[in-house]
Amino acid sequence: MALVEEYTDVVVVGAGHAGCEAALACARLGLSTIIFTVSVDSIAMMPCNPHIGGSSKGHLVREIDALGGEMGKCIDHTFLQSKMLNKSKGPAVHSLRAQADKTAYSERMRRTLENQENLSIQQMEVNEILTDESGRLTGVKTYSGAVYHCKAAILCTGTYLNGRCIYGDVEMLTGPNGLQSATHLTDSLKEHGIIMKRFKTGTPCRMDGRTIDYSKMTPQYGDVPVVPFSFETDPKDVQIDQATVWLTHTTEETHEIIRENLDRSPLYSGKISGVGPRYCPSIEDKVVRFADRKSHQVFVEPQGKNTNEMYIDGMSSSMPEDVQIAMYHSVPGLEHAKIVRNAYAIEYDCVDAQQLTRTFEFKKIRGLFSAGQMNGSSGYEEAAAQGLYAGINAAMEILGKEPLLIDRSEGYIGVLVDDLITRENHEPYRMMTSRAEYRLLLRQDNADLRLTEKGHRVGLISDERYERFLQKKEQIERETERVKKVSVGAGEKVQEVLRKCGSDPLSTSATLAELIRRPELDYFCLAELDPERPDLPYAVQEEVNIGIKYEGYIKRQERQVVQFEKAEQTLIPDDLDYDVVPSLRTEARQNLKKVKPASIGQASRITGVNPADISVLLVYLKR
Amino acid sequence: MHKMSDEDTIAAISTAISESGIGIVRISGPDAIKIADKVYRSPGGKKHLKDVPTHTIHYGYVADLVSSSLVQSSSSSQDSSIGEKVHSSEGVIDEVLVSVMRAPKTYTAEDVVEINCHGGVLVVTKVLDAVIRAGARPAEPGEFTKRAFLNGRIDLTEAEAVMDVIESKNQFALQNSVSQVRGSLYRTISGMRSQMIYQSAHIEACLDDPEALSFDEYVPELSEYTDKWISEVSHLLETADSGRLMQEGIRTVIVGKPNAGKSSLLNLLLGEERAIVTPIAGTTRDVLTETVTIGGMTLMITDTAGIRDTEDIVEKIGVQRARDAVEKADLVLYLIDSSTSIDIEDREIFNLIREKNVIILQNKTDLNTVTDIESIRRELGKLFIKYKCADERQNTGDNEQSADQESLETDVSSKIPVIPFSAKERTGLDDLIAALKKMFFSGQIAYNDEVIITNARHKALLQRTLESLRQLKRSIDDHMPEDFYTIDLMSAYESMGEITGEEIGDDLADEIFSRFCMGK
């Protein structure tokens, strides 16, 4: 009998980016929720880079916002600088990225949690998960011995499980940034038959801004005007004085120092066993793997408004302290800079996400969910997206409602979830636009058009916001129709405008839509030729422009989606016994048993399952 | 990603390809009749299959009307590969009977059209090609049966049999992709694929980390590559059309003692000097495979090192390969050197081939005949009985043999054709062709029809690759943003990967991370 015993609907373990979204979603949906953290002062901490967004991650933040999550709103209030990346490329790869004021972000998220009805915060390590005879989750037990009975628990433990930080010979058994790690939960999960993995990641040093010589660096400024992340933020509110980021680069000397000391790197001496991400290599990795590169970019970025600390982006490392000092000092502008916090690598436990259903619930332990780095991903945005998704689905299950499902044609969140639960992940998973096969449809500009409906259905999008959304949708449709009908003649004024835009003159009349499709023209530059144009918000005009300009390509992907959906909608029963399905090849059978795909579509994406195996499955299911 | 769909229209050769030279190309799916109409021409040129009643048969011709689109199918729509109906005598492939059967009372419960061709294997294959170019997709292994089952036309108890068919045909297809698509085709495709994935990774890396990597001067380079790929794939398609993409035909092996004249026979059939021919026994050390068309039949001939026990290591490997080749063969041409007597080596060879379809060539009739047809037949009879009895002894332990049995076995062995032959003087060839025809038309030996189906699949995939590349070229020429390029580039990459049987998986991410330095 525990001395302290409490009852609640939902327990969230961990208050990082995944945990915050999960807890907020559950509480906002009316469920009593407790969020546990090893340190209340580190809620929504950004222990690595100071960005929110970036290529494909910006898409995720927009999607989180469309579903009623918090990340977009939080960064809109706390950013220091903002840029739309890839503006000169197609709309599918435009990506918003902001420099965050880390402390401000963390504080604002903490206030949001503190003020959220139904939600309480508790500083405590969760040690055990508790289940009944049927293997269903019944609650959790803390380090202090208290028992919290709950209907669902969501594990968002980030890099804290058996965390180990390393540089050179120095080793600390802590979570990120010297915070206390969680050392018991892994064992409890293993006792329940959960398979754990060990991943690794790293971060560069932080330096004292007063000791940096910016005159040797190139300034990088933010965009004017700034585009907000949240569809709810008024663009007027984000036009701030932006901070500057500084660009410098490594030198031959830097690379020489690294090469000379490679034998002292824990990465190369075998001291680190976890699997690190290839897309975010440490500087020593870059020097070894891309030996022909004479130099790598280094961005020097502010960590916040109220600190001198600067983040040395591009030079994460786990070299010994003396080597770090030497190598950072070999970078122009950092010759005399003082390190505030050393760079380090961190190893941690996470789960093999193939053990999860497509709502992120453990197949073995019903009622237990997991999200974020715990699922083998990396990145704040990937974590937040998963936290929101798992939170909503835990809530849907408790409330007896249909789960929130997002497939690969509906959102990057769908791609993220599907990749994590379906494919073997050998390194921390990072989102990339190239992972989305229908990326022309999954743009950051239309995230609301894709997902607001779902957000409203689950109950996180208010009726008022939903009304505004429907209105926007209608405006887009009406204006698109109009532009396709309005035709301009080959008159002098028209030719004049076309000439001005560097476009060939018209020989006969054409519709505005036809002109918009010309590579050098768009909806905006034709305003002069379009006196009837209604006064519409920029977001509506942008959708009209993209929809018309890339119509052929978009239609093509839409046709592919129709095919894709058929396979997604052919469901496979949960209890299918693959051992009795004849004629499956061994590799396919093993992997199918492991993943237990929800649909024929998911089955076809499993490594080692080929089209003939799919045919066999289809025939068997129809039997 | 697998592109599976049960909504499209599929086609395949639906008969075993040996029988009496008649082959049926079956088309099934919603567009079956529309597609058939594109290749069918009635004698008067006016009849359209879409207008005919269901379950009727129509006389006419099949014409390959879309072959011209290979050269210039570049309009922008998806359906661009489907050409217009041609009303000239140009491109006629065969005289045919076409059965039109509308859903649901058909084998697959879909619209089905069957084109009965009678011009032999090559013609059936060409008709299938034409149908595929007109818009059908080559059927996957067992797919007609699968559709029949899924549409409720086959009894439930047959389900497992269907799965077995899919499985076994798939095994064949897999082996084909990896083992038969080797050599220059494999190298060409792999070479192009690695260029494509590198180019895609370059673009994606730039998009992912635009502050570190840029596209400067990149587009002209990609444009050049694209032109090169288009011409290479077009070239592959042309060679595919002349039937050399993958070998299809009767798998034939030439066996005989060292220096029985195997290489001379092969050279005679090929009409050119290919194998090394010397009078020294044991000069053919490797296995050569050649495709020969004689009497309208295609033979895939493997010449073997003389089958005999040898101490020479190199030759030993060759001998082992020969034994393997015999295992897989549909037909064995057994050369007996009539200038020497039948010995223990011949008996061993016979042991190896006795369960195969065999034609015996009594070679070197230009020299002094030591072994005549009668002695061959006598030996055959004896050997047959000997091995038969050896088998039975193993089975029953019975040592005796009855006279009845002897006459029966002699009768069986007498059915093996023995043809006097001289590779050197080129005599006996007509008799060989006659014997082949007899075996072929009686159904005793058959074409490897899965190979033909696989070939059709490959051609369709090459065609799809070509369309993706042309779309890519258009995107470049239209100055579309760079992120549009990878869409078609990756489609081309995937289509080609299906030919070589490779899974796509995380290729692109792997290439990006391994070739480009990512991450600030």
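The values are calculated or read from the model by the stated rules, or taken from the named source; none is laboratory data. Quick caveat, the model's predicted, so the values are computed rather than measured. Note: ideal-geometry Cβ built from the backbone for every residue, glycine included; neighbour counts use all protein chains shown.
Numbers for the structure displayed
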read-out	value
Residues of segment A:263-319 that turn out to be within 11 Å of another protein chain (Cβ to nearest Cβ), touching a residue at least 60 places away in the same chain (Cβ under 8 Å) and polar (S, T, N, Q), as a count	2
One residue from A:Gly222, A:Gly178, A:Gly202, A:Gly209 being farther than 30 Å from A:Leu356 by Cβ and modelled with pLDDT under 95	A:Gly178
Condition broken by B:Ser223, with the remaining ones in (1) at pLDDT 80 or above; (2) within 14 Å of chain A (Cβ to nearest Cβ) satisfied	(2)
Candidates A:Leu515, A:Leu584, A:Leu526 - the one that is buried (at least 18 other Cβ atoms within 10 Å of the Cβ), farther than 22 Å from A:Leu440 by Cβ and in the same structural domain as A:Val483 (by TED's automatic domain parsing)	A:Leu526
Set B:Asp483, B:Asp477, B:Asp488: member being in contact with a Lys or Arg (Cβ under 6 Å, 6 or more places away or on another chain) and either on the phi > 0 side of the Ramachandran plot or at pLDDT 90 or above (or both)	B:Asp483
Condition check for A:Thr33: hydroxyl-bearing (Ser, Thr, Tyr) and crowded, with 24+ Cβ neighbours inside 10 Å	yes
Helices (runs of 4 or more DSSP H) within segment A:15-107 that include 2 or more residues free of Cβ contacts under 8 Å to residues at least 60 places away in the same chain and of a type outside the set (Val, Ile, Thr)	A:71-78
Positions within segment A:588-623 being at pLDDT 85 or above, part of a helix (DSSP H, G or I) and surrounded by fewer than 20 Cβ atoms within 10 Å (Cβ to Cβ), in sequence order	A:Arg589, A:Gln590, A:Lys593, A:Lys594, A:Leu621
Exclusive hit being closer than 22 Å to A:Gln560 by Cβ and surrounded by fewer than 22 Cβ atoms within 10 Å (Cβ to Cβ), set A:Leu416, A:Leu442, A:Leu449	A:Leu449
Leading residue by the ranking (surrounded by the most Cβ atoms within 10 Å (Cβ to Cβ)) among those in segment A:338-385 that are under 20 Å from the mean Cα position of the chain (by Cα) and charged (D, E, K, R)	A:Glu381
Restricting segment B:453-484 to residues that are outside any helix (DSSP H, G or I) and more than 15 Å from B:Ser200 (Cα to Cα), the residue that is nearest to the other protein chains (Cβ to nearest Cβ)	B:His479
Where A:Gly502 falls short, out of the listed (1) assigned to a loop (DSSP other than H, G, I, E, B); (2) surrounded by 19 or more Cβ atoms within 10 Å (Cβ to Cβ); (3) outside the structural domain of A:Asp65 (by TED's automatic domain parsing)	(2)
Check on A:Leu521, buried (at least 17 other Cβ atoms within 10 Å of the Cβ), out of contact with any strand residue (DSSP E or B) (no Cβ under 9 Å at 6 or more places or on another chain) and in the same structural domain as A:Pro611 (by TED's automatic domain parsing)	no
Test result for A:Asn162, buried (at least 19 other Cβ atoms within 10 Å of the Cβ) and within 28 Å of the chain's Cα centre (by Cα)	yes
Qualifying position, being of a type in the set (D, E, K, R), within 30 Å of A:Cys280 (Cα to Cα), out of contact with any strand residue (DSSP E or B) (no Cβ under 9 Å at 6 or more places or on another chain) and surrounded by fewer than 19 Cβ atoms within 10 Å (Cβ to Cβ), among A:Asp187, A:Asp169	A:Asp169
Residue tally, condition within 14 Å of chain B (Cβ to nearest Cβ) and in a helix (DSSP H, G or I), over segment A:415-464	9
Odd one out for A:Met310 among (1) surrounded by fewer than 17 Cβ atoms within 10 Å (Cβ to Cβ); (2) among the hydrophobic types (A, V, I, L, M, F, W, C); (3) outside any loop (DSSP other than H, G, I, E, B)	(1)
Some residue of segment A:554-567 being part of a loop (DSSP other than H, G, I, E, B) and surrounded by 16 or more Cβ atoms within 10 Å (Cβ to Cβ)	no
Some residue of segment B:229-248 being within 30 Å of B:Pro481 (Cβ to Cβ), modelled with pLDDT of 85 or more and β-branched (Val, Ile, Thr)	yes
Flag if A:Thr174 is under 25 Å from the mean Cα position of the chain (by Cα) and part of a loop (DSSP other than H, G, I, E, B)	yes
Any chance B:Ala212 is assigned by TED's automatic domain parsing to the domain that holds B:Ala492, of a type outside the set (Phe, Trp, Tyr) and under 22 Å from A:Thr218 (Cβ atoms)	yes
Filter result for A:Glu256 (assigned to a helix (DSSP H, G or I) and charged (D, E, K, R))	yes
Selection within segment A:522-570 - of a type in the set (Asp, Glu) and either away from chain B (no Cβ under 14 Å) or free of Cβ contacts under 8 Å to residues at least 40 places away in the same chain (or both)	A:Asp522, A:Glu528, A:Asp530, A:Glu532, A:Asp535, A:Glu542, A:Glu543, A:Glu551
